[in-house]
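What follows draws every value from the coordinates through simple rules; no lab data is involved. Not measured: the values here are computed from a predicted model. Every residue, glycine among them, receives a Cβ derived from its backbone with ideal geometry; neighbour counts consider all protein chains shown.
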Amino acid sequence: MPYKFINEHHAEAAAIFCIDFRFKDATIKFISQELKMKKVDLIALAGASKTIANPKDLAHKKTVFDQLEVSTKLHNIKEIILIDHLDCGAYGGLKAFDNNPEKEKKEHFKNLNKAKAILEKKYKGVKVKLFFANIKSNKIIFEKA
Ligand SMILES: [Zn+2]
């Protein structure tokens, strides 16, 4: 089945989110339907904000920055959307926080805000928006972080 191709080189934003398949559909829908953004570069890395704020391996941080170089220079993005999620394997999952969602959320918010400061310093004039994909009654809800 063919898909429509939009031949242009300006994107509105780059979105950085975790590779976790359980959040893929919701994340894509959230970006296009709730944030109303159609032209977005997608960067998926396990742990999302953790790769910038508190990387297990500095190569992960470099990978994010390499992708953002393309987004900022070639696609001229004006915003970076950074999305973490609950029960993230890169954080050890919910069990690493005694199955306490608030405890895990707190750690994500810390990294999200630290990552925001790093990104805004590196990419002047690019606005960074933070979100956290929470799970409530088996539904994924995106909260501002
Ligand atoms: Zn994850």
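Worth pointing out:
- Tally, over the range 108-129, of residues that are assigned to a helix (DSSP H, G or I) and more than 15 Å from the chain's Cα centre (by Cα): 2
- Given (1) touching a residue at least 24 places away in the same chain (Cβ under 8 Å); (2) over 30 Å from I6 (Cα atoms); (3) away from the ligand (no atom under 13 Å from the Cβ), number of the condition K106 does not satisfy: (1)
- Among the residues making up the range 75-90, those that are near the ligand (Cβ under 7 Å from one of its atoms) and outside any strand (DSSP E or B) are C88, G89, A90.
- Where A46 falls short, out of the listed (1) in contact with an Asp or Glu (Cβ under 9 Å, 6 or more places away or on another chain); (2) over 15 Å from C18 (Cβ atoms); (3) within 16 Å of the ligand (Cβ to nearest atom): (2)
- Any hit, the range 90-105, residues being touching a Pro at 6+ places or on another chain (Cβ under 9 Å), within 22 Å of P55 (Cβ to Cβ) and surrounded by 20 or more Cβ atoms within 10 Å (Cβ to Cβ): no
- Of all residues in the range 63-74 being under 20 Å from I118 (Cα atoms) and either among the acidic types (D, E) or not in a helix (DSSP H, G or I) (or both), the one that is nearest to the ligand (Cβ to nearest atom): D66
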